[in-house]
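All remarks here apply to the structure that follows.
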Amino acid sequence: MPTYELAFLLKNMSKPDIAVSLKRAGQEIFLRGGFIRKLENLGVSKDTPYKISSHGQVHRTASYFALQFDAPPTTIDDLRDVYKRDVDIVRYKIFKVQEPEKAECTLHEEILPPAYRKDVQELLAESEKKKPKQWDAKTGLDYYPFQR
Amino acid sequence: MSLMRQGLVIEKLVAGLHRQRFAPAAAPNLVVRWRKPISLGTAPSKLFRVPQRPQIPEDELKEIRRLFKNYNTQMKSIRAWFAEELKRQEAVTAAAVAGATGEEAEFQRCLQINEEWNKKVAAERQVRLAAEKAKLTDKILTDLEQDELQKSKRMAEIQQMVEREKDLSSHYITEENIDQAIEEALGQEVNYNFAIDREGNYYHGFSMTPTTSHS
């Protein structure tokens, strides 16, 4: 079962009501053979960025939650349908959780002065290649001695 | 402009008009000598004209016929001579070619050379095919080994994943402990809107005092 993340907004309610709504949302996942990995509260009764209409009501504040769960992929459409019809849920979105890309820290290289940075040195070498050929002054003269 | 030239111009104009009328499909730039179409029939003024037969004197007619017969006879004889000559020449050259070069012997020689070549190439081919077969068997064996290695690697990865999940399973939220999890979540708000410094400290909001946890 892949891991998904359900990010959703509950309408402005008292804490016991919020708990009931959260439990309902969780039960839908358990019903379909899934389990929850993590439940995060990102803020209760916070201002929404804009006024949101949902289920015939206008919301200017909402409670933000993120729920990480595992469920069979075939049930995700079902869950979307259920959450769409839940009147307490103002907005929701289900994402697939991606493993974060592994990256090595290169900060110690990046904060060097430009002349010591490898990429800058490469750029300089490249520009050196493109320079037009100049008069070689090994003759001791500072001008081209023959008629052009 | 002379009278003759004028007449010519008028003739051309008339001809052009007729062309347009009777031959509209003709190319416009093409100048064709004008002829009355046959569909117009004989002109009324020439309807009852009987053309005169040519009057040739009798001795002249005799002479013309003699010349005509002579010509025909001579042409016939020349043609026959050429045909015979050609036949004779063909017979001579064919016999010469067959006799002088000895085609049969040449063919046998070629056949022998061809057989020698075939034998040589067959030997080379056998060696090459054997080498190719050995190479292919080698490749198949190494591929099989690689495949086994990959499979065992993948199995190890899966095993690791299973172990990790087994460890994590004690923290799963299920029907039994969801109430407790909800209570905990409502009690503690998480805020990912923070900054970090190079030592890994967190800064929330506008505060300049670092904290060690991100929530």
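No lab work stands behind these numbers, since they all come straight from the coordinates. Keep in mind the model is a prediction, meaning the values are calculated, not measured. Note that we place each Cβ from the backbone using ideal geometry, even for glycine, and neighbour counts take in every protein chain shown.
Look at segment B:189-210: where a residue is over 18 Å from A:Leu42 (Cβ atoms) and away from every other protein chain (no Cβ under 11 Å), no partner that is acidic (Asp, Glu) and in a loop (DSSP other than H, G, I, E, B) sits 6+ places away or on another chain with Cβ atoms under 6 Å.
Among the strands (runs of 3 or more DSSP E) confined to segment A:1-101, the ones with at least 3 residues that are farther than 17 Å from B:Val190 by Cβ and away from chain B (no Cβ under 13 Å) are located at A:35-54, A:57-70, A:89-96.
In segment A:68-83 there is at least one residue that is among the small types (Gly, Ala, Ser), touching a strand residue (DSSP E or B) at 6+ places or on another chain (Cβ under 8 Å) and on the phi < 0 side of the Ramachandran plot.
Being basic (Lys, Arg) and either assigned to a loop (DSSP other than H, G, I, E, B) or within 30 Å of B:Gly200 (Cα to Cα) (or both) is the filter here, so list the residues in segment A:102-143 that pass it. A:Lys102, A:Arg117, A:Lys118, A:Lys131, A:Lys133 - these are the residues of segment A:102-143 that are basic (Lys, Arg) and either assigned to a loop (DSSP other than H, G, I, E, B) or within 30 Å of B:Gly200 (Cα to Cα) (or both). Given B:Leu30, B:Leu47, which one is within 53 Å of the chain's Cα centre (by Cα) and on the phi < 0 side of the Ramachandran plot? Sole residue among the options that is within 53 Å of the chain's Cα centre (by Cα) and on the phi < 0 side of the Ramachandran plot: B:Leu30. Screening B:Ala156 on (1) surrounded by 10 or more Cβ atoms within 10 Å (Cβ to Cβ); (2) closer than 30 Å to A:Glu28 by Cα; (3) of a type in the set (Gly, Ala, Ser) shows it passes everything except condition (2). Take A:Arg37 and tell me if it is under 27 Å from B:Ser170 (Cα atoms), in contact with a helix residue (DSSP H, G or I) (Cβ under 7 Å, 6 or more places away or on another chain) and basic (Lys, Arg). For A:Arg37, the condition - under 27 Å from B:Ser170 (Cα atoms), in contact with a helix residue (DSSP H, G or I) (Cβ under 7 Å, 6 or more places away or on another chain) and basic (Lys, Arg) - is not met. A single entry from A:Phe95, A:Phe65, A:Phe69 fulfils the requirement of being surrounded by fewer than 17 Cβ atoms within 10 Å (Cβ to Cβ) and under 24 Å from the mean Cα position of the chain (by Cα): A:Phe95. Just one of the listed residues (A:Leu42, A:Leu22, A:Leu9) is more than 22 Å from the chain's Cα centre (by Cα) and surrounded by 13 or more Cβ atoms within 10 Å (Cβ to Cβ), and it is A:Leu22. So which of B:Ala185, B:Ala195, B:Ala156, B:Ala181 is closer than 30 Å to B:Met208 by Cα, among the small types (Gly, Ala, Ser) and not in a strand (DSSP E or B)? Result of the check over B:Ala185, B:Ala195, B:Ala156, B:Ala181: B:Ala185.
Within segment B:169-178, the set of residues being within 9 Å of chain A (Cβ to nearest Cβ) and either on the phi > 0 side of the Ramachandran plot or not in a strand (DSSP E or B) (or both) comprises B:Ser169, B:His171, B:Tyr172, B:Thr174, B:Glu175, B:Ile178. Is it the case that some residue within segment B:98-117 is over 43 Å from the mean Cα position of the chain (by Cα), surrounded by 10 or more Cβ atoms within 10 Å (Cβ to Cβ) and in a helix (DSSP H, G or I)? The answer is yes, given that some residue of segment B:98-117 is over 43 Å from the mean Cα position of the chain (by Cα), surrounded by 10 or more Cβ atoms within 10 Å (Cβ to Cβ) and in a helix (DSSP H, G or I).
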